[in-house]
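Have a look at this one before I ask anything.
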Amino acid sequence: MRVLVIGNGAREHAIVWKLSQDKNISEIFAIPGNAGIAQIAKCIEEKMDNIQGIIDIAKEYKIDWTIVGPELPLSLGIVDIFEKEGLKIWGPNKEGAKLEYSKAFAKEIMKTSKIPTAEFKIFDSFSSAVEFVKKTSYPLVIKADGLCGGKGVKIAESYESAVQILHEYMINKIFGPSGEKVVIEEYLEGKEFSLIAIIKNGDFYFLPSAQDYKRVGEGNTGENTGGMGSFSPVPWINEEILKKCEKNIFRPLLDELTKRNINYQGFLYGGLILVRNEPYVLEFNVRLGDPEAQVILPLLNFNFTDILYRTNFPWLSDKKALCVVLASKGYPGNYETGKEIIFKNINFQNLYIFHAGTVKRNGKILTSGGRVLSVTSWGENFKEIRERVYNAIDEIYFENKYYRKDIGIELI
Ligand code: AMP
Ligand code: GLY
């Protein structure tokens, strides 16, 4: 089977790496890929929002199955267009992807199906949003409706800061049309975790739970990022909590999608928070998380292509995994790129380095993005896994290397 993966992050490198262990696969292609992906797949240059260009490539290279990593092509309806052409693809269609590209839609569907989530109101006029924040209590959370690359959620501690955020989103339009509509919601206090399901034929199967570290600084301080590290499974997510996630969140959501004739297939990512031992939804994403994929995929005891054929996905494994992201100093703000990366004496036993922002130029691997590498290890014991990750990081050199030293500290 010839498989095409769309994306250029460490998540997509992890998908390609998992596919490369699958005997059913003869060749792997990636659009556009990165320097790490290029070591195990053929990378083809094309923009991820040029759906027609991607279709032409899928036909030219006789691709049997395409896997979409990020949300952008899904929000543009790549799945609908591929299926119309009779091409096999993994991911939700445009209507399903709306769960991620419209937070207002996701909240509305949660309300209808009584899924636990923060109380909220939706506004598309600045003046009525300001009226509302005048007479509400703080802190509260302001979310741009559309896709903002993970930057569209802000916590307001006071009326003044709420007005300032609303002004930036709705009047200055710092996120363009994505911020013209906003969701204002209650602030929930609790422990966050990620739970991703494979959704197929009207049913769902949980992948191991994962923990993401969203803030850039140690002790969970500073700005929100795409994710600075992760581990899986989350020791404090037990069977009882998973049952609640099934019964109160994923089952009613799937029933409601079916009622609306939305035939969802693909990964569905629940960004969840445990409040007084009850799981609440902060957001849905319609794809694997990054850096969650880097720790979940090494734990799966089935092939990626099994997703296509199988109807259940047991993952009764004792294995655990942890990932630390190496970033360019300054991320998620401004940072420099083009720095040479040198890998010294790395012990690759139960360890892999997934690439994100890297390119190969004249035989050298250079940094090309904010998040550069995801150093991931797996095994039986979090303490040993964590030591392997941090030992490997000491053997990786590039100018302005930045990473958090406290990933998984609570596990040991
Ligand atoms: P989202 O993209 O909606 O998951 O929001 C990004 C981050 O903002 C989350 O991971 C939380 O840390 C925080 N957040 C979002 N919604 C809320 C909420 N209602 N209460 C508290 N924190 C929130
Ligand atoms: N790690 C969060 C995300 O992928 O959205």
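Each row is one residue, and each column tells you yes or no for (1) surrounded by fewer than 17 Cβ atoms within 10 Å (Cβ to Cβ); (2) closer than 20 Å to A10 by Cα.
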position	(1), (2)
S232	no, yes
P235	yes, no
K243	yes, no
R251	yes, no
E256	yes, no
R260	yes, no
L282	no, no
P291	no, yes
T305	no, yes
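Looking only at residues in the stretch 338-387 that are farther than 30 Å from L316 by Cα and of a type in the set (A, V, I, L, M), which one is nearest to the chain's Cα centre (by Cα)? Explain how you work it out, then say what you get.
Taking the stretch 338-387 first, the residues farther than 30 Å from L316 by Cα are 338-345, 357-372.
Add one more test, that the residue is of a type in the set (A, V, I, L, M), and what stays is 341-342, 359, 365-366, 372.
Working: I341: 25, I342: 27, V359: 22, I365: 25, L366: 24, V372: 16 Å.
My answer is V372.
How many residues does the stretch 186-226 contain that are over 25 Å from L254 (Cβ atoms), modelled with pLDDT under 95 and among the small types (G, A, S)?
Total satisfying the criteria: 2.
Identify all residues within the stretch 309-342 that are in a loop (DSSP other than H, G, I, E, B) and either small (G, A, S) or loosely packed, with under 11 Cβ neighbours inside 10 Å (or both); write none if there are none.
T311, N312, P314, L316, S317, D318, G330, G333, N334, G338
I've got another one for you. Could you go through the stretch 290-310 and let me know if any residue there is farther than 26 Å from Y403 by Cβ and within 16 Å of ligand 2 (Cβ to nearest atom). I'd like the intermediate steps shown before the answer.
The initial filter retains those residues of the stretch 290-310 that are farther than 26 Å from Y403 by Cβ, namely 301-310.
Checking which are within 16 Å of ligand 2 (Cβ to nearest atom) leaves us with none.
Within the stretch 290-310, none of the residues are farther than 26 Å from Y403 by Cβ and within 16 Å of ligand 2 (Cβ to nearest atom).
List every residue pair whose Cβ atoms lie under 7 Å apart, where the two residues are 6 or more positions apart in sequence or sit on different chains, the first residue falls within the stretch 78-102 and is charged (D, E, K, R), and the second residue, located anywhere, is in a loop (DSSP other than H, G, I, E, B).
Listed pairs, sorted by first residue: D80/N93; K88/D64; K94/G77; E95/I262; E100/V286.
Going through G150, G91 one at a time, which residue ends up being small (G, A, S) and more than 13 Å from F284 (Cα to Cα)?
G91
Quick one: how many residues across the stretch 218-248 are part of a strand (DSSP E or B) and either within 13 Å of ligand 2 (Cβ to nearest atom) or in contact with a helix residue (DSSP H, G or I) (Cβ under 6 Å, 6 or more places away or on another chain) (or both)? Give the derivation first.
Going through the stretch 218-248, the residues part of a strand (DSSP E or B) turn out to be 221-224, 229-232.
Those still in the list that are either within 13 Å of ligand 2 (Cβ to nearest atom) or in contact with a helix residue (DSSP H, G or I) (Cβ under 6 Å, 6 or more places away or on another chain) (or both) too: 224, 229-232.
Selection size over the stretch 218-248: 5.
So if I check each of D212, D203, D145, which one is within 15 Å of ligand 2 (Cβ to nearest atom) and touching a helix residue (DSSP H, G or I) at 6+ places or on another chain (Cβ under 9 Å)?
Residue meeting the stated conditions: D212.
Pull out all pairs, ordered by first then second residue, where Cβ-Cβ is under 7 Å, the residues are six or more apart or on different chains, the first lies in the stretch 386-412 and is assigned to a loop (DSSP other than H, G, I, E, B) and among the hydroxyl-bearing types (S, T, Y), and the second is modelled with pLDDT of 95 or more and surrounded by fewer than 20 Cβ atoms within 10 Å (Cβ to Cβ).
Cβ pairs passing all conditions: Y403/I393.
Is there a residue in the stretch 254-266 that is hydrophobic (A, V, I, L, M, F, W, C), modelled with pLDDT of 95 or more and within 14 Å of ligand 2 (Cβ to nearest atom)? Full working, then the answer.
Start the filter on the stretch 254-266 by keeping residues that are hydrophobic (A, V, I, L, M, F, W, C), which leaves 254, 257, 262.
With modelled with pLDDT of 95 or more added as a condition, the list becomes 254, 257, 262.
Cutting the leftovers down to within 14 Å of ligand 2 (Cβ to nearest atom) gives us none.
Within the stretch 254-266, none of the residues are hydrophobic (A, V, I, L, M, F, W, C), modelled with pLDDT of 95 or more and within 14 Å of ligand 2 (Cβ to nearest atom).
Kindly indicate the residue of the stretch 107-134 that is within 25 Å of the chain's Cα centre (by Cα) and assigned to a strand (DSSP E or B) and also farthest from E189 (Cα to Cα) among those meeting that condition.
Of everything passing the filter in the stretch 107-134, I122 is farthest from E189 (Cα to Cα).
Taking the stretch 148-171 only, how many residues are surrounded by fewer than 19 Cβ atoms within 10 Å (Cβ to Cβ), within 16 Å of ligand 2 (Cβ to nearest atom) and assigned to a loop (DSSP other than H, G, I, E, B)?
Residues that pass the stated criteria total 4.
Can you name every residue in the stretch 58-79 that is crowded, with 18+ Cβ neighbours inside 10 Å and part of a helix (DSSP H, G or I)?
A58, E71, L72, P73, L74, S75, I78, V79
Sort out which residues of the stretch 343-395 are among the basic types (K, R) and surrounded by fewer than 19 Cβ atoms within 10 Å (Cβ to Cβ), and write them in order of number.
The answer is K344, K360, R361, K364, K383.
Keeping to the stretch 187-217, report how many residues are outside any strand (DSSP E or B) and surrounded by fewer than 19 Cβ atoms within 10 Å (Cβ to Cβ).
Total meeting the criteria: 7.
Name every residue in the stretch 120-136 that is exposed (fewer than 13 other Cβ atoms within 10 Å of the Cβ) and modelled with pLDDT of 95 or more, in order of residue number.
Step one: of the stretch 120-136, the residues exposed (fewer than 13 other Cβ atoms within 10 Å of the Cβ) are 124-125, 127-128, 131, 134-135.
Answer for the stretch 120-136, where residues must be exposed (fewer than 13 other Cβ atoms within 10 Å of the Cβ) and modelled with pLDDT of 95 or more: D124, S125, S127, S128, E131, K134.
The values are calculated or read from the model by the stated rules, or taken from the named source; none is laboratory data. Given the structure is predicted, the values throughout are model-derived calculations rather than measurements. FYI the Cβ positions are ideal-geometry reconstructions off the backbone, even for glycines, and counts take in every protein chain you see.
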